[in-house]
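Worksheet: one structure, shown below.
Read the figures in this text as sums done on the coordinates, not as results from a lab. Here the structure is a predicted model, which means the values were calculated and not measured. Neighbour counts are summed over all protein chains in view; Cβ atoms, including those assigned to glycine, are modelled from backbone coordinates with ideal geometry.
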Amino acid sequence: MLEEILRKLFVDAFTKLYGQEPPVQQVNFQKTRPEFEGDVTIVVFPFVKIAKKSPEVMADELGKEIVAESEIISKYNVVKGFLNLLVSDNYWLTFFKDNHQDELFGRKQISGNPIVVEYSSPNTNKPLHLGHIRNNLLGWSVSEIMKANGENVVRVNLVNDRGIHICKSMIAWQKWGDGCTPESTGKKGDHLIGDFYVLFDKHYKEEVKQLLPSNYDELSDEEKEKAKAAAEENSTLMQETREMLRKWEAGDKDIRQLWETMNQWVYDGFDVTYDRLGVSFEKIYYESQTYLLGKELVNEGLENNVLYRRPDGSVWCDLRDEGLDEKLLLRRDGTSVYMTQDLGTAQLRYEEYQPKKLIYVVGNEQNYHFDVLKRVLVRLGREWGNDIEHLSYGMVELPNGKMKSREGTVVDADDLMDEMVKTAKSVSEELGKAHGLSEEESNRLYDMIGIGALKYFILKVDPKKTMLFDPKESIDFNGNTASFIQYTHARISSVIRKAADNGITFGTDIPVTDLQPKEKMLLVNIYNWPSVLEQAAINRSPAMIANYIYDLAKDFNHFYQECSIMKEEDVKRREFRLQLADMTAKLLRNASGLLGISMPDKM
């Protein structure tokens, strides 16, 4: 890349002039301020003592030497201790010639040991909601970004298909379901099961309230807490649910059959949502198939005195000497917890893939969990536990507060996608964006705009930040949105179609030898794409890709407003501008594809 070339030029020039090689790590670059001529600025102050020259004199001498020794730099100027270098048009045009036809410019060949990325991880007691959408989009996009940087990525999903929460939906269906099915109710299976999960919580709260002492409101806070805990422990609903879990783990035939039936309803519903969201996996794991392996690891830890059993029969790992706490691994009745199955799943993945890294895309409320997972694995002799990475992300909040699945106050993923497409249709029709399109083309466009808006709005936010999702802000053809970027791509496609309709072609050879300011601005932004892509992979940040394509779309529109394409009288200049527009469109498709966003040809 350019910085590496310039760094070598600077070091060589400095060594030649002053007889000593400068500290390479101190040779840093900045973008030249707009009021000065130049592309790149080098701050020379750190080298004053070595050169024994004033900053201005040293910068001037270095500038002359660099220009004399390299065709890449055409001019230089000095502003106090800042050396501004102007990169020759020939350098940018040579880059353009070598890359402008590459649809996948900036991507690297995949090689090396796998990186396993887990995302989604739904529970089979409820449908996917807005929080799951951020998880899925982030996991899928980060996987695609790493693949584009040459990493051998395996995308996996761990379905939490067993446990106390699953039994709650099953108990509710047995008590109040009257044998209903997705077919008999006309509901998606995951929605139907989610309704029973909410129904269980409603009845459970009513029962606990009835079990509280009559003078509950007069008790102290500590007494209230004890009274509530006792009521919850004595709840017949919860006792039945715990008994169902014990029977499930014991392999009870009837319980297992009901479990399989209800889970399949949920899987069928999930598949529809995943498909519409555009996410997929190379492999799906199920907690019901991994928790026993986790139990084996726990027993191994007990035998090796790494773990310990309390008098009540529960099994724990004491991490207090590492600044953490004691972690439960098996309950007193022998049933598993989340950590148990995560131990088993990690072991299974290591044996299957020998990965150089295991990445878990999970919300930041689980930071402690994954810190413990790594340490427990290492204590069990699995040094590869240190290669676990928790890609922690902030929660998604709504204008009216947080979401709670038990209370049914979540934003359902399917409903949200429907609403986004509906909004896209309304806005597009109002602005005439679907004018001249057939009904089929229009519906495809509305879906592209609506789902694209959802993905971009979520992914443009730094993963670590808690975000506020407001659907009304996400579709704006003039703002930092997917709609604006999609419209820019459609505009370029329209120009290229118009050129073809008029018999105007553009070949592979570059017909110009110089660049005008807006042409250069756009081309330099395109040039920066590989380094942006690399940094996005390192930082696990689709937001860097989103911000890049927004800036690229803005730069193209500035170029389009100031540089006529179809009306340009200079045939060679017009041909070059068509080539530049075409490469911009290719890059918009390439980069937005890493976010799962499609680019329309007409709008």
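When ranked by the protection proxy of mean other Cβ atoms within 10 Å per residue, highest first, what sequence do the peptides 379-391, 590-602 form?
590-602, 379-391
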The pairs in K247/K283; K433/K460; K422/K518; K80/K460; K16/K80; K64/K520 lying past 32 Å Cα-Cα in this model are K422/K518; K80/K460
DSSP-defined antiparallel bridges as percent of all bridges, the stretch 48-158, nearest 5
50 percent
Degrees between helix 517-527 axis and first principal axis of the chain (Cα, 0 to 90, nearest 10)
40 degrees
Of the peptides 184-196, 559-571, 443-455, 277-289, how do they stack up when ordered by the mean number of other Cβ atoms within 10 Å, highest first?
443-455, 184-196, 277-289, 559-571
Alpha carbon centre of the stretch 301-317 versus the stretch 519-592: separation in Å?
59 Å
Give, rounded to the nearest 20 debye, the magnitude of the charge dipole that the chain has about its Cα centre when Lys and Arg contribute +1 at Cβ and Asp and Glu contribute -1 at Cβ.
800 debye
Quick check: the angle from helix 542-562's long axis to the longest principal axis of the chain, C-alpha only, nearest 10 degrees?
40 degrees
Stokes-Einstein diffusion coefficient for the stretch 489-603 at 4 °C in a medium of 1.567 mPa s, Rh from the Kirkwood formula over Cα pairs: what value in µm²/s?
87 µm²/s
Of the listed values (i) 0.98; (ii) 1.06; (iii) 1.17, grab the one calculated as Rg/Rh (Cα atoms, Kirkwood Rh) from the structure here.
(ii)
Using only the Cα atoms of the stretch 119-397, build the gyration tensor, take square roots of its eigenvalues as a ≥ b ≥ c, and label the shape rounded, prolate or oblate: rounded if a/c is under 1.5, else prolate if a/b is larger than b/c, else oblate.
oblate
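Remind me, relative contact order of the stretch 119-397 in percent, using alpha carbon pairs under 8 angstrom and six or more residues apart?
20 percent
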By how many degrees, between 0 and 90 and to the nearest 10, does the Cα long axis of helix 2-18 differ from the longest principal axis of the chain?
50 degrees
Cβ neighbours within 10 Å, averaged per peptide: list 128-140, 413-425, 5-17, 205-217 in order, most packed at the top.
128-140, 413-425, 5-17, 205-217
The stretch 414-593: equivalent-ellipsoid semi-axes (sqrt of 5 x gyration tensor eigenvalues, Cα, Å):
30, 22, 12
Exceeding 24 Å between C-alpha atoms, which entries from my cross-link table qualify? They are K168/K205; K205/K295; K498/K586.
K205/K295
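If I take every Cα pair under 8 Å that is 6 or more residues apart in the chain, average their sequence separation and divide by the length, what percent do I get for the relative contact order?
Relative contact order of the chain: 15 percent.
Rounded to the nearest 0.05, what FRET efficiency do K209 and Q26 give with R0 = 51 Å and r taken as the Cβ-Cβ distance? Could you check?
FRET efficiency, K209 to Q26: 0.15.
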Return the Rg/Rh value of the stretch 2-87, two decimal places, where both radii are evaluated on C-alpha atoms and Rh is the Kirkwood radius.
0.91
With the Cα gyration tensor of the stretch 262-360 in hand, convert its eigenvalues to equivalent ellipsoid semi-axes via √(5λ) and list them largest first in whole Å.
31, 17, 13
On a full-extension model of 0.36 nm per residue, what is the gain between D325 and F36, subtracting their alpha-carbon distance, rounded to one decimal in nm?
98.3 nm
Subtracting the Cα-Cα distance of K80 and D102 from 0.36 nm times their residue separation yields 3.8 nm
